[in-house]
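K.L.:
This structure is in structure tokens; I'll ask about it shortly.
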Amino acid sequence: MRAPDLIRFASHAATGNPLRSSLLVLAVAIGVAAVVVLTALGDGARRYVLAEFSSLGSNLVIVLPGRSQTGGFNPANAITGTPRDLTINDAKALLRGASIRRVAPIAVGTSEISVPGKLREVMVAGTTSQYIEVRHLDISQGSFLPEEDWGRGAAVAVIGAKVRQEMFGQGSAVGRLIRVGDRRFRIVGVLASSGQGLGMNTDELVFVPVALAQAMFNSNTLFRILVEAKNREEIPLAKAQALEILKLRHEGEEDVTAITQDAVLATFDRLLSALTLGVAGIAAISLAVAGILVMNVMLVSVVQRTSEIGLLKALGATGSAIRLAFLVEAAMLSAAGAVMGFLLGQGGAALIRNFYPTFPAFPPDWAVAAGLITALATGILFGVLPARRAALLDPVQALAKR
Amino acid sequence: MAEPQIRLAGIERVFHLGDSEVHALHSLSLTIMPGEYVAVMGPSGSGKSTLLNLLGLLDRPNAGSYVLEGRDVTTLNPEEQAEVRSRRIGFVFQSFHLVPRLTAYDNIALPMMLAGVSPKERDVRVNKALKDYGLEDRAGHRPEELSGGQRQRVAIARATIMEPAMILADEPTGNLDRATGDEVVHLLEELNGRGVTLIVVTHDPGIGSRSRRQLLMEDGELRRDSAI
């Protein structure tokens with residue numbers, strides 16, 4: 001049989017029973033669409049999280065007090081027991097690191113912010129002028145905290161976009177006076193809206209000089225020190241230098257933890273990639289189910305067309321020609337299903353992106369390819385048994401059946 | 001003397017129905033010359049159809065030899081047998097056996113499609129066949145849109161399109177009324193007149209009497225052969 005004839009014959013056979021064929025195509029399509037949409041969701045989640053973390057600022061090393069590694073016994077442990085706190089001077093010392101470009105200490109606490117007639121509880125972050133560059137934040141009005149001695153601080157504050165909105169509405173905020181706790185600050189700047197990062201929403205923060213924040217909360221410790229490496233390649237160096245400097249300052253004990261953004265990102269990347277893969281696997285089950293359906297439908301079709309198969313044999317069709325005709329039919333049906341499922345899936349992903357513009361629900365290429373190939377492969381694989389059965393039919397008995 | 005077209009010797013065909021054995025054909029020997037017109041008659045279950053299936057290579061004997069055109073065909077593998085069916089044998093069935101989803105044109109073209117004849121060649125031959133059998137205006141109709149006589153004419157056109165050496169017809173008039181049946185018989189006889197061997201299984205004594213040779217089957221055995 002010539003290839004075009006084979007294809008024409010198989011497509012005639014497929015369209016000869018439109019209900020059966022369309023149901024089968026639908027089953028395969030749902031399987032492929034499930035793979036495409038679910039992996040789009042999984043991969044979208046991964047991209048979303050990575051984008052959120054990237055907004056923290058690049059080349060970042062975060063230093064926090066406390067140790068996460070097990071170390072040897074040190075006589076100092078016996079005396080102090082608890083790890084030493086991070087101080088402003090620690091932060092200042094980090095600037096000596098050769099690979100460290102900027103350092104921004106952070107001290108946080110909650111307090112009340114008030115303007116005449118309005119009162120609100122806010123997170124107050126004490127930091128320095130470098131913070132805005134380390135975090136790559138934008139100022140929408142005024143300027144960030146001024147460059148000054150870290151140990152002292154002018155009574156100025158920078159507020160987040162949401163704080164501004166709630167305290168001042170549409171009115172201008174720069175130059176206005178606010179009360180935070182029992183201190184008065186003059187607003188010098190408003191941050192542009194940025195969203196979540198580092199577990200704190202900068203839109204809802206009030207930034208004041210670090211020395212004033214420590215005074216307000218009556219402590220001399222820091223919550224974090226943000227360290228910016230000179231460039232991406234020097235992140236590990238910057239991390240090592242930061243740890244070394246702090247170890248020296250803490251009497252030889254490494255009692256701080258430094259995490260790099262890359263490590264955090266890589267962890268999330270791995271985690272969410274695994275999630276996407278798992279979701280793809282679950283979706284693939286529906287494809288396997290569709291494959292079994294292909295087999296079932298083709299088997300029924302062989303029974304229904306028994307007398308036709310007998311006739312074809314009488315007319316000189318070889319067993320292999322009949323096998324091929326059924327295989328081509330199964331392949332065509334699953335290919336149609338795969339294409340339809342691909343379009344459905346892409347449409348579904350587009351719909352999700354339409355409703356949640358911030359969520360990058362793009363199916364990864366590998367998942368789309370795997371979905372299409374699996375659909376085709378299962379269709380053909382599960383078509384083999386019915387095709388074999390058709391080819392092996394006894395023509396006499398097949399013809400006798402009406 | 002010319003080479004016989006068909007030579008059956010000591011053919012046995014046994015079916016197993018549960019525990020019992022049914023001898024559908026028993027020590028059957030038969031020679032048919034090219035161009036003969038043979039009617040196979042006999043009561044139901046006498047082995048007529050089994051004989052026809054065997055001659056058409058749709059069935060294999062349990063014992064005995066079948067030499068078709070000087071070639072022992074019982075030893076051929078299924079693919080080779082399919083090739084012989086394709087080139088040398090045309091089937092006409094009582095219930096026509098047209099493919100319902102295909103048009104008359106495509107039904108007639110089917111054996112050529114299976115044999116891999118080029119579409120151009122196919123078109124020429126199908127159009128000629130449609131004309132010869134008076135089906136020109138029925139080419140695009142599906143079997144369900146054709147009358148019984150037209151269906152059987154399509155089936156005969158299909159059986160002859162590969163220009164086989166013999167036509168095996170199993171009760172070709174069984175599903176037709178008298179007049180249409182006669183028409184079909186005439187068509188088959190016309191083919192026979194052009195040298196095609198015609199073997200018809202029939203209950204119809206009318207056809208039986210028209211044929212030049214009658215075989216009477218009973219209980220799987222050849223009871224009477226008018227040629228002997």
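FYI, it's all coordinate maths here, none of it is from the lab. The shown structure was predicted, so the numbers you read here are calculated from the model rather than taken from an experiment. All Cβ positions, glycine included, derive from the backbone under ideal geometry; neighbour counts span all protein chains shown.
K.L.:
Return the long-range amide H neighbours of A:V156 (sequence gap of 5 or more, or a different chain), with a cut-off of under 5 Å between placed amide H atoms.
P.N.:
A:R186
K.L.:
Taking amide H atoms as placed 1.01 Å from N in the peptide plane, list the residues 5 or more away in sequence, or in a different chain, whose amide H sits under 5 Å from that of A:R101.
P.N.:
Correct list: A:E228, A:A229, A:K230.
K.L.:
Just to be sure I follow the definition: excluding the sites themselves, where is the longest run in chain B that has none of the trypsin sites (Lys or Arg not before Pro) in a DSSP loop with at most 14 other Cβ atoms within 10 Å?
P.N.:
B:1-193
K.L.:
Further question on the same structure: So what's the projected area for the stretch A:85-249, the Cα convex hull averaged over all directions, in nm²?
P.N.:
Reported value for the Cα convex hull: 9.2 nm².
K.L.:
In addition: Helix B:78-88 against the longest principal axis of chain B: what's the angle in degrees, Cα atoms only, rounded to the nearest 10?
P.N.:
60
K.L.:
Compute the long axis of helix B:119-132 from its Cα atoms, compare it with the longest principal axis of the Cα atoms of chain B, and write down the angle in degrees, 0 to 90, nearest 10.
P.N.:
80
K.L.:
While we're looking at this one, here's another question. At q = 0.14 Å⁻¹, what is the base-10 log of I(q)/I(0) for the stretch B:83-211 according to the Debye formula with one equal point scatterer per Cα and no solvent? Please give it to two decimals.
P.N.:
Reported log10 I(q)/I(0), two decimals: -0.56.
K.L.:
Residues with beta-carbon under 12 Å from that of A:G316, excluding A:G316: net charge, scoring Lys, Arg +1 and Asp, Glu -1?
P.N.:
+2
K.L.:
Right, something else. Over all alpha-carbon pairs in the protein assembly as shown, figure out the percentage whose distance exceeds 41 Å.
P.N.:
55
K.L.:
So, in nm, how far is label A:S114 from label A:R183 when the simple model puts each one 7 Å beyond its Cα toward the Cβ?
P.N.:
1.8
K.L.:
Given contacts defined as C-alpha pairs under 8 Å and at least six residues apart, what's the relative contact order of chain A, whole-number percent?
P.N.:
Rounded, it is 30 percent for chain A.
K.L.:
Calculate one ³J(HN,Hα) per residue across the stretch A:366-380 by plugging θ = phi - 60° into the Karplus curve 6.51 cos²θ - 1.76 cosθ + 1.60, and present them in order as whole Hz with x for glycine and proline.
P.N.:
4, 5, 4, 4, 4, x, 5, 5, 4, 4, 5, 5, 5, x, 6
K.L.:
Under 19 Å Cα to Cα from A:K313, which aspartates and glutamates show up? Leave out anything in the same chain fewer than 8 places away.
P.N.:
Within the straight-line limit of under 19 Å, A:K313 reaches these aspartates and glutamates: A:D5, A:E329, A:D394, B:D59, B:E79, B:E80, B:E83, B:D106, B:E163, B:D170.
K.L.:
Taking only Cα atoms, what is the 0 to 90° angle, nearest 10, from helix B:148-160's long axis to the longest principal axis of chain B?
P.N.:
Computed tilt is about 70 degrees.
K.L.:
From the P(r) of the stretch B:6-225, could you give the percentage of C-alpha pairs in the tail past 27 Å?
P.N.:
When every Cα pair of the stretch B:6-225 is considered, 33 percent fall beyond 27 Å.
K.L.:
Can you give me the long-range amide H partners of A:S143? Hydrogens built in the peptide plane at 1.01 Å from N, cutoff under 5 Å, separation of 5 or more residues or another chain.
P.N.:
The list, which skips near neighbours in sequence, is A:G189, A:V190.
K.L.:
Another one. Convert each backbone phi in the stretch A:171-177 into a coupling constant with the Karplus relation 6.51 cos²θ - 1.76 cosθ + 1.60 (shift: θ = phi - 60°), then list the ³J(HN,Hα) values in order as whole Hz, x for Gly and Pro.
P.N.:
x, 5, 10, 5, x, 6, 9
K.L.:
Turning to a different aspect of this structure: Extent of the stretch A:298-402 along each principal axis, from alpha carbon coordinates, in Å, largest to smallest?
P.N.:
Principal extents (Cα only, largest first): 66, 24, 17 Å.
K.L.:
While we're on this one: Divide, for the stretch B:118-166, the radius of gyration over alpha carbons by 2.2 N^0.38 Å, where N is the residue count.
P.N.:
1.13
K.L.:
Give a residue-ordered list of calculated ³J(HN,Hα) values for the stretch A:235-249 (Karplus: 6.51 cos²θ - 1.76 cosθ + 1.60, θ = phi - 60°; whole Hz; x for Gly, Pro).
P.N.:
4, x, 4, 4, 5, 4, 5, 4, 5, 5, 4, 5, 5, 5, 6
K.L.:
Among the listed pairs A:K92/A:K247; A:K162/A:K239; A:K118/A:K162, which have their C-alpha atoms separated by more than 25 angstrom in this model?
P.N.:
The pairs that break the limit, which is 25 Å between Cα atoms, are A:K162/A:K239.
K.L.:
Run the numbers on the stretch A:85-249 and let me know its relative contact order in percent, using alpha-carbon pairs under 8 Å that are six or more apart.
P.N.:
RCO, the stretch A:85-249: 35 percent.
K.L.:
Right, another one. Report the local net charge at A:A161: Lys and Arg +1, Asp and Glu -1, summed over other residues whose C-beta lies under 13 Å from its C-beta.
P.N.:
-2
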